[in-house]
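One structure is given here, and the rest of the page talks about it.
Derivation of every value follows stated rules applied to the coordinates shown; laboratory data play no part. Every value quoted in this text rests on a predicted model; they were computed, and no experiment measured them. Cβ: placed from backbone, ideal geometry, glycine included. Neighbour counts: every protein chain shown.
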Amino acid sequence: MGIWHGVKYKEIFEYFEEISAIPRGSGNERAISDHLMGFAEKKGLKAFRDAALNVVIKKDATQGYEKAPTVIIQGHMDMVCEKNRGVLHDFEKDPIRLRREGDMIYAHDTTLGADDGIAIAYGMALLASKNIPHPAIEVLMTVDEEATMSGVHNLDVSFISGKLLINLDSEEEGKFIVSSAGGRKAKVVLPIAWEAASENMSSYYLRIDGLKGGHSGLDIEKGRGNANKLMGRLLSDIDESFGISIAAINGGMKSNVITRECEALVLVNEEELGSINKKLEEWNETFRNELRASDNGITVSMEKAEKEATNVFSKATGKKVIAMLMILPNGFQSMSMEIKGLVESSTNLGVVETKEEEVFFYNEIRSSVLSLKLNLFNQIKTIAEKFGGKVNVDSDYPEWSYNPDSELRSVCSKVYKRMYGKEAEVLMMHAGLECGVFMSKIRELDAISIAPNLFDVHTPNEHFSISSAERVWEFLLETLKEMKYMNCTK
Ligand SMILES: [Zn+2]
């Protein structure tokens, strides 16, 4: 029987299973890229691979579709590698093992890679097909999307001729993504002046934890607490009242994740411990009250350090660090006035890290409007320079602007309505998709992003719905068919 018993379109799932056997974490795409090139050769299809290992495989139009515009079918071949604690799985060597629960496909305690393996499987099934009518297609499979998007950034577009692109890297059936935010990672570097710790002070860890965190784009409007920002307020008050010293501050691991935990190593006068603890109690209450509807699990606590710190930030450095935490912008900054509920601009102070000579503050800026992204960056730069620091751009990617006249969107909308008797939802996304970079590389490109229902992506609980994958496949095929009637302006 096997896990695919009862499915309608076995070919998609068998290709999915085939690529699941090939380890393909971001940065480790040589084998999957080789595999795809081998696949093209076996099928007698023209294929091209660039220096970044991105692969494009072409297939001619079927009979009657020669005049229809060429369409690019696109996904990324790499996947996020996450596993549960204690799971013995080597993402460099071991195949992803699939498991079925009713309509859902999971992996065994690891990410599944349906993001974005499902796109690769669709692409392979199309390329291998013998009786699916379609215009000329170019299946474009990029590398390293999940890490730095270096694949699409370094993509050699000389082999690509299509001007219509269907991206298959979103997560929800029935939703057309037609725009995505641009982003920039800004790293503020603040030099530390150290001094010897005073002998009559004792070292304590001040901690904020219990927050929910989340994706710094998709969850940014949910009003969740950012532990780094909250630590700034806490330190400011305690320093004002008791005159503390700071020996280190560290919070968060990734700039694109809302910070769940922050820890500061502070030196306090033991005699004031009682009053400080009382203050912490008050802050516990204050934060819980502020976050009661969105993130009420927060706790503020203090614990004696196992070892006394010998060096601390100078008073001036300490004040600067606190001030930076207080005034660096964070959270959503503007909402779209055109699309209800869409965050237009945001920034996340995701990571604060104490190094030997500097404190780093990592900010993840996003906006669907370029000038607003740059404005946020300039705000951060101004603040950094005010305090004697500097700012580096760690990465930057362009927005995918909404195209009010997208022909591809109108074809998709028409087909969707015909198939399901209702309108598909048209959405803009406050997160980065590769489409933004394609837009900047391929002139007059018209793009849309669709996908079947994927759940809990980037976690070991990642799964997808078989029936949804089948419906989206049918939708894709109908859309390709409909393209026969597209005005060949592209
Ligand atoms: Zn993806």
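Projecting the Cα atoms of LEU127, HIS5, GLY388 onto the charge dipole of the chain, computed from C-beta unit charges around the Cα centre, puts LEU127 farthest toward the positive end.
A DSSP coil position with no more than 11 other Cβ atoms inside 10 Å describes none of the chymotrypsin sites (Phe, Trp or Tyr not before Pro) in the range 73-128. Amide H contacts under 5 Å for LEU342: SER336, restricted to partners 5 or more places along the chain or on a different chain, H placed in the peptide plane at 1.01 Å from N.
Since only MET324, MET337, SER275 are under comparison, the one whose Cα sits farthest along the positive direction of the charge dipole of the range 183-397, derived from C-beta charges on Lys, Arg, Asp and Glu, is MET337.
How much mean residue ellipticity at 222 nm does the chain get from its helices, if each DSSP H run of length 4 or more adds -39500 (n - 2.57) and you divide by all residues, to the nearest 500 deg cm²/dmol?
-9500 deg cm²/dmol
Here the simple spin-label model places points 7 Å from the Cα toward Cβ, and for THR310 and SER241 these points are separated by 3.3 nm.
Each label point was placed 7 Å from the Cα along the Cα-to-Cβ direction; for ASP396 and ASP34 their separation is 3.8 nm. Most tightly packed first, judged by the mean number of other beta-carbon atoms within 10 Å of their residues, the peptides 419-430, 473-484 read 473-484, 419-430. With both labels modelled 7 Å from their Cα along Cα-to-Cβ, the LYS278 to THR382 distance reads 4.0 nm. Taking amide hydrogens as placed 1.01 Å from N in the peptide plane, the amide H of GLN333 sits under 5 Å from those of SER345, SER346, THR347, each at least 5 positions away in sequence or on another chain.
Between HIS35, PHE48, LEU374, the Cα set farthest toward the positive side of the dipole of the chain (charges on each charged residue's Cβ, about the Cα centre) is that of PHE48. Packing, as the average of other Cβ atoms within 10 Å across residues, places the peptides 30-37, 249-256 in the order 249-256, 30-37, highest first. Quick one: of LYS46/LYS93; LYS212/LYS319; LYS175/LYS340; LYS8/LYS175; LYS67/LYS414; LYS163/LYS422, which pairs are farther than 26 Å apart, Cα to Cα? Table pairs above 26 Å Cα-Cα are LYS46/LYS93; LYS212/LYS319; LYS163/LYS422. Global size of the range 183-397: 17.3, 59 Å for Rg and Dmax (C-alpha atoms, Rg to one decimal, Dmax whole). Using Cβ point charges alone (K and R +1, D and E -1), the dipole size of the chain about the Cα centre works out to roughly 1380 debye.
Nothing charged except the Cβ atoms of Lys and Arg (+1) and of Asp and Glu (-1): what's the magnitude of the dipole of the range 183-397 about its Cα centre? Round to the nearest 20 debye.
I would put it at about 860 debye.
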